[in-house]
Amino acid sequence: MAVNHFVSESGMKKNIIYFDNAATSWPKPPATILAMQNYLQNVGGSPGRSGHRLSIEAARIIFDTREKLAQMFNVPDPLSIIPTRNATEGLNIAIFGFLKPGDHVITSGMEHNSVMRPLRVMETRGVDITVVSCARDGLVDPGDILKAVKKNTKAIFITNASNVTGTAMPVADIGKISREHDLALCVDAAQTAGCYPIDVEAMHIDLLAFTGHKALFGSSGTGGLYIRKGLEKKIEPICVGGTGSRSELEVQPDFMPDRFEAGTPNTTGIAGLRAGVEFILEQSIARIKDREEKLVQTFMDGVRDLPGLILYGQKSVQRRTPVVSFNIAGMDPAAVAMALDEQFGIMARSGLHCAPAAHKTIGTYPAGTVRFSFSYFNTEEQIISSIEALKKIGQSR
Amino acid sequence: MNQKHSYSVMLFKAVSYVLKAEKILKAESIPHKIIPVPKHISSDCGVCVRFEPAIQNKIEAALLNKVQIEKIRPLND
């Protein structure tokens, strides 16, 4: 299979099993690296700033990236997508730019600090926040969100899928509630963009923050924010400056995408992101998801009977991302992760994963869990090796 | 100059709009060229779309409801 062939070529460190794709994906498709190199070597111009061909070519790269992302998320107008450094920056624009003192917002007990920290800052400025509790498997009940709606509720901030358990939230159901009550729905797609189907129209998503360096197979320093048409006027940019447009004015343009695009963008990174997105569109999200479901299933089946192994989150492999969280009874998750790295060459992440709320929900606060996060480029053999490793680590307790 | 009025230019809000227009015009094989905005037409930096006046209606129809055009001017000086 092409994928295995690819791994054998670019997974040069043969003794490494990389299971930290929810932090950042590795390896990347070779096209990502080539596209970044091509921009630096052969294009080089500053997009949207000058009239020469290299500047226009750079701007074409960015426009084309917007179009491909729009295709992936079913965004009606590519110019509704702005590039950001990561999902966190997109969420900061949505939270700091949109909320005002006196507003009420609803969020869940599974959020990452990229949502919780900016919200807690806004709380000190007079924004009222309701954190809706989730079940132990991480799922939020849309009925509980509905119950939390007040007269002054302005928005719902919800993760598309948890970075701790992989649990996918019922975003389409939450979107219906949001639309019926005229609220803005902001979705944190850091864990889902590129590996889980997202349709901003069908799911009634008004703001979609995503990162480029995880399942979209781009480089770090890339990401984006989709803003539903019309909503941009209600969001104050958190960064203003040169845009290459309306240069005679000393005020920020009010139209998309320039309103939120001050300063020279990360064109090198965006060139790589375009290649990553192209790769995914070629493979198809359905195919990627199917492969990842199989990897999760193999892992779950393999660890189910391991003595002392506690697996968190849902049993289902469908409504989730390829992220699994577990502990070995009586062992510090950090010690398990260290043993995995040092003795077995398996890269995992332990601790709270920047999501203390989620660990409180699943009952693993403050020690946290060990997290494996798979990608399209992992193999069944790697999963089986990891099960063997966990068995041995468990026996050494 | 006997080339006078042989071209017009179409200006947009920003370069992203020019590129959106370019994609549409390319897909429909409508002849055009992206050029820097002439300073006598606008003080804005950036680029615009140059075309032959005879196909102005065709271009406007292709971009209708897809890309907002800021202004169209004859390219004479």
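The values are calculated or read from the model by the stated rules, or taken from the named source; none is laboratory data. Keep in mind that this is a model prediction, so the values were computed, not measured. Note that each Cβ is placed from the backbone with ideal geometry, even for glycine, and that neighbours are counted across all protein chains shown. All accessible areas refer to the heavy atoms of the entire protein, side chains included, with ligands and DNA or RNA removed. Shrake-Rupley method; radii C 1.70, N 1.55, O 1.52, S 1.80 Å.
Here are the numbers for this structure:
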| quantity | calculated |
| --- | --- |
| Rg(Cα)/(2.2 N^0.38 Å) for the stretch A:274-397, N = residue count | 1.09 |
| Candidate lysines - alpha carbon under 17 Å from A:Lys234, same-chain residues fewer than 8 apart omitted | A:Lys100, A:Lys154 |
| Relative pair counts by distance (%), Cα atoms of the stretch A:181-228, 10 Å bins | 28, 52, 18, 2 |
| Cα principal axis extents for the stretch A:107-186, largest first, Å | 32, 28, 17 |
| In the A-B interface, the accessible area buried, summed over both sides, Å² (probe 1.4 Å) | 1600 Å² |
| Three-way shape call for the stretch A:156-273 based on the alpha-carbon gyration tensor, with the a/c threshold at 1.5 | oblate |
| Reach of A:Lys289 by Cα under 22 Å, taken over lysines that are not fewer than 8 positions away in the same chain | A:Lys28, A:Lys68, A:Lys214, A:Lys315 |
| Number of partner chain Cβ atoms within 10 Å, mean per residue of B:35-44 | 2 |
| Dipole in debye (nearest 20) - chain A, about Cα centre, beta carbon charges: Lys, Arg +1; Asp, Glu -1 | 360 debye |
| Value at 222 nm in deg cm²/dmol, rounded to 500, when DSSP H runs of n ≥ 4 in chain A each add -39,500 (n - 2.57) | -12000 deg cm²/dmol |
| Along each principal axis, Cα extent of the stretch A:51-152, largest first, Å | 54, 31, 24 |
| Average partner coverage of A:40-48, which counts Cβ from other chains inside 10 Å | 1 |
| Average projected area [Cα convex hull, the protein assembly as shown], square nanometres | 24.2 nm² |
| DSSP bridge orientation in the stretch A:140-257 - percent antiparallel, rounded to nearest 5 | 45 percent |
| Range of Cα positions in the stretch A:343-388 per principal axis (Å), largest first | 33, 24, 14 |
| Percent carbon-and-sulfur accessible area, the protein assembly as shown, ignoring ligands, DNA and RNA, probe 1.4 Å | 52 percent |
| Burial order of peptide ranges A:333-343, A:354-364 (average beta-carbon count within 10 Å, highest first) | A:354-364, A:333-343 |
| Residues with amide H under 5 Å from that of B:Val47, placed H, sequence gap 5 or more | B:Val37 |
| Long-range HN-HN contacts of A:Ile17 with modeled amide H, under 5 Å | A:Ile346, A:Met347 |
| Listed residue pairs exceeding 21 Å between alpha carbons, taken from B:Lys33/B:Lys58; A:Lys151/A:Lys229; A:Lys229/B:Lys66 | A:Lys151/A:Lys229 |
| Rh (Kirkwood; distinct C-alpha pairs) - chain B, Å | 12.5 Å |
| Lys/Arg +1, Asp/Glu -1 at C-beta; the protein assembly as shown dipole; positive extreme among A:Val149, B:Val47, A:Leu352 | B:Val47 |
| Accessible surface, the protein assembly as shown, averaged per residue in Å² (probe 1.4 Å) | 42 Å² |
